[in-house]
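Below: the structure, in C-alpha cells.
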Amino acid sequence: STQSTGGDQLRSMLLVAAALALCLHPVATMSPMDEPSIPAAAKQWGSVNVFWRGQTADGTTYPCIRIPSIIFGSNEGVETYLAFAECRRNTGDGCFPTGVNSTGNTDVCYRVSSDYGETWSALRVLASDASSPTAVWDPTHEQAIIQFVSQGRNLQSISSDLGASWSAAVEISTDWPSTTQGTTVGPGTGIQLSGLNPYAPRRNIFIGHHGSYSQDFVWYSDDGQTYQLANTSTLTAVDEGTLVELQNGVVLANMRSKSGHRAVSVSTDGGETWSAVHEDSLLPDPECMGSLVGIHDTPDIYFSNPGTNAGRVNGTCLLYTSDAADEEDSVDLGGRRIIKKKNKNIITSK
C-alpha cells in the first residue's frame with residue numbers, strides 16, 4: 001500500500017479544479033466535442049483536460065459533466081489516478097450548452113491515468129442511472145471504493161485492479177431509516193482514517209446531505225462493507241460536505257451553508273458523534289461545494305472553493321498549516337487555530 005505525498009494530493013486538487021473550470025466551455029449540439037483548450041489560469045500548473053462537455057462514453061454523448069472526484073492509489077507498485085464525474089444527459093443546474101436543451105438520466109463515469117495525470121484513458125461508464133460519485137482509496141487492501149446514489153439507494157462498488165474492473169454495486173443503506181436512504185453522498189471524496197488514529201484506525205467515513213439545507217448525515221465502516229449511521233442531529237441547515245482527518249485524530253466536517261461562510265463541525269470519536277455547527281468567518285461560501293485534502297504525517301490541509309461569497313467565481317486553493325508566523329490570519333478548524341500560510345505559489349487565484 002502507499003500514502004499520497006503532498007505533491008500528489010495537491011496535483012489531485014488542481015486536476016479537480018481544472019475539471020470544474022472546463023464546465024464553463026459551451027457546446028452547440030449533442031455531437032461529440034473536441035477537447036477544449038486549457039483555461040489560461042490553469043496553464044501555469046501544467047494542467048490537462050479530464051472532463052468536458054460533449055464527451056462520449058460507451059456510445060453516449062453527454063451535454064453536461066459535473067461533480068468530479070479524484071483519488072490516487074497504488075496496487076503492486078503501479079500508481080494511478082482515478083477520476084470520476086456525473087455524466088448528465090440533462091441540461092440545467094448551471095449547465096446550459098448553447099443550442100442544447102435535453103433531459104435524461106445521469107450516469108457515473110470515470111477515467112484513469114497511470115502516468116501521474118499526463119494522459120488519461122477513454123471515458124467509461126461505471127454505473128448507469130446513478131449520481132454523486134464519491135471515492136476513497138483504501139491503502140490497507142489496495143483498492144478503490146466508490147459510493148453513489150441510484151434510484152433512492154446508497155450503493156458501493158470496489159475495484160482491486162485500479163479501475164480495470166469493478167464489483168457489482170451493493171446497497172449499503174438497506175438497514176438505514178427510510179428518511180436517510182438515498183442521502184446524496186459527497187460530492188468529492190470520503191476519507192479513510194490513518195492507521196495511527198487514536199479513535200478508529202483505518203475507518204472509512206463518508207458525508208452526505210438529505211434535502212436542500214436540511215441535514216447532513218455521516219456513515220462509517222470498520223470493515224469497508226457494512227456502514228453505520230453516525231449521530232448527526234447537530235448537522236442541520238447545512239448541505240454538501242467534505243471531510244478531513246486532522247493530525248491529532250479529530251475528524252473535521254466542512255460544509256456548504258447559507259450563512260455566507262463555510263460551516264464547521266468536528267468529531268472526537270472517529271466520526272460517531274459531531275459537535276454543534278459554527279461558521280468559519282475566514283472561509284467565504286457562495287453556496288457551493290468545497291474540498292478538503294489532508295497531507296499524511298503533516299499538519300498541512302488544502303482547502304478549495306470559489307473563495308468568495310459573491311458568486312461561483314475566483315476558484316481558490318489555500319494551504320493551512322501550523323508552521324506559519326501570522327496567527328492573526330488563521331482559520332478555526334474545530335478548536336485548533338490553523339494558520340493560513342502566505343505563499344503565492346500555493347494560494348491560487350482567479
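How much accessible area per residue does region 194-235 have, counting only protein heavy atoms and a probe of 1.4 Å, in square angstrom? Spell out each step's value before the answer.
Values: 1810 Å² over 42 residues.
About 43 Å² of surface per residue is accessible.
Find out how many positive minus negative residues lie around Cys87, taking Lys and Arg as positive, Asp and Glu as negative, among other residues whose Cβ is under 15 Å from that of Cys87. Please list the in-between numbers first.
Working: positive: Arg53, Arg66, Arg88, Arg89, Arg111, Arg124; negative: Asp58, Glu86, Asp93, Asp107, Asp129.
Counting the neighbours of Cys87, the net charge comes to +1.
What whole-number distance in Å separates the alpha-carbon centres of region 270-287 and region 109-153?
Taking the Cα centre of region 109-153 as reference, the centre of region 270-287 is 27 Å away.
Please list, in order along region 272-289, the HN-Hα scalar couplings obtained from phi with the Karplus expression 6.51 cos²θ - 1.76 cosθ + 1.60 (θ = phi - 60°), rounded to whole Hz, x for Gly and Pro.
7, 9, 9, 6, 4, 6, 9, 6, 9, 5, 9, 10, x, 9, x, 6, 8, 5
Calculate the translational D of region 89-227 in whole µm² s⁻¹ from Stokes-Einstein, where the hydrodynamic radius comes from the Kirkwood formula applied to all Cα pairs, the temperature is 20 °C and the viscosity 1.002 mPa s. Please report the intermediate quantities before stating the final value.
Details: Rh = 16.4 Å.
Reported coefficient: 130 µm²/s.
If you build the convex hull over the alpha carbons only and average its shadow over all orientations, what do you get for region 224-277? Give it in nm² to one decimal. Show your work: numbers first, answer last.
Values: hull surface 16.7 nm².
Seen from a random direction, the Cα hull of region 224-277 projects 4.2 nm² on average.
Counting Lys and Arg as +1 and Asp and Glu as -1, what is the net charge of the other residues whose Cβ lies under 12 Å from the Cβ of Leu229?
Values: positive: none; negative: Asp175, Asp216, Glu272.
That sum, taken over residues with Cβ under 12 Å, equals -3.
For Asp297 and Ser114, FRET efficiency with R0 = 25 Å and r from the beta-carbon atoms, rounded to 0.05?
Values: r = 25 Å, r/R0 = 1.00.
Once rounded, the FRET efficiency stands at 0.50.
Please list 77-85, 224-232 highest first by mean number of surrounding beta-carbon atoms within 10 Å per residue. The partial results should precede the final answer.
Details: 77-85: 20.2, 224-232: 17.2.
Highest to lowest by the protection proxy: 77-85, 224-232.
The values are calculated or read from the model by the stated rules, or taken from the named source; none is laboratory data. A quick note: this is a predicted structure, and the numbers were derived from the prediction, not measured. Positions of Cβ are backbone-derived with ideal geometry, glycine not excepted, and every protein chain shown enters the neighbour counts. Just so you know, the surface numbers come from the protein's heavy atoms only, side chains and all, with ligands and any DNA or RNA stripped out. Shrake-Rupley method; radii C 1.70, N 1.55, O 1.52, S 1.80 Å.
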